[in-house]
Number of protein chains: 2
Amino acid sequence: MLAKIYITLKKDVLDPQGSVIANSLKSLGFNNIEDVRQGKFIEVKLNTENKETANKQLNEMCEKLLANLVIEDYKVEID
Amino acid sequence: MLAKIYITLKKDVLDPQGSVIANSLKSLGFNNIEDVRQGKFIEVKLNTENKETANKQLNEMCEKLLANLVIEDYKVEID
């Protein structure tokens with residue numbers, strides 16, 4: 001089973017990396033950029049067919065290791 | 001308009017960061033992990049309402065700056 005995890009900075013947290021990307025894009029001529037935020041995208045292949053268990057495990061993985069819940073949000077998607 | 005860009009390593013490219021995550025998760029007790037791949041997730045807010053133009057611009061951004069096409073694939077999604 002393939003799961004996708006999206007980890008993004010919370011809205012109120014500054015994203016210097018995103019700002020650098022925005023500025024670089026603007027300097028390349030993309031003038032209609034309002035904002036850029038960079039996050040992480042993690043694909044996890046799990047050896048289980050039970051969606052419920054997988055979902056529970058994936059949330060646990062995010063909380064224990066993958067996301068820093070003080071500054072980041074996460075979203076889990078199972079195909 | 002909010003667009004989402006997913007940048008992932010091509011299948012044949014080694015992903016040491018993904019391996020580290022997989023090993024860490026296994027050592028935390030998640031034993032049914034088969035594979036982990038880490039990618040980037042970029043949200044771009046564009047000041048345009050034309051989906052076609054936006055899509056063309058976003059693809060150009062990926063090709064010019066955001067993705068390294070030698071080793072990475074990208075996918076653009078517009079809400």
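Across the range B:16-71, the qualifying residues are those that are among the β-branched types (Val, Ile, Thr) and touching a helix residue (DSSP H, G or I) at 6+ places or on another chain (Cβ under 9 Å), and the one among them that is nearest to A:LYS10 (Cα to Cα) is B:ILE42. The number of residues in the range A:16-65 that are among the aromatic types (Phe, Trp, Tyr) and in contact with a strand residue (DSSP E or B) (Cβ under 6 Å, 6 or more places away or on another chain) comes to 1. For the range B:13-50, filtered to residues that are outside any strand (DSSP E or B) and within 21 Å of A:LEU28 (Cβ to Cβ), the residue that is farthest from the other protein chains (Cβ to nearest Cβ) is B:ASN50.
Only residues that are open to solvent by less than 90 Å² (accessible area, probe 1.4 Å) and farther than 11 Å from B:ILE42 by Cβ were counted in the range A:7-19, giving 5.
Filter the range A:25-79 down to the residues that are under 12 Å from A:ALA3 (Cβ atoms), surrounded by fewer than 20 Cβ atoms within 10 Å (Cβ to Cβ) and of a type in the set (Ser, Thr, Tyr) and list them by number. Across the range A:25-79, the qualifying residues are A:THR48, A:THR53.
The values are calculated or read from the model by the stated rules, or taken from the named source; none is laboratory data. If you're wondering where the values come from, they're calculated on a predicted model, not measured in any experiment. Quick reminder, even Gly has a Cβ in these numbers, built from the backbone with ideal geometry, and neighbours come from all protein chains shown. We work out accessible area using only protein heavy atoms, side chains counted, and drop any ligands, DNA or RNA first. Shrake-Rupley method; radii C 1.70, N 1.55, O 1.52, S 1.80 Å.
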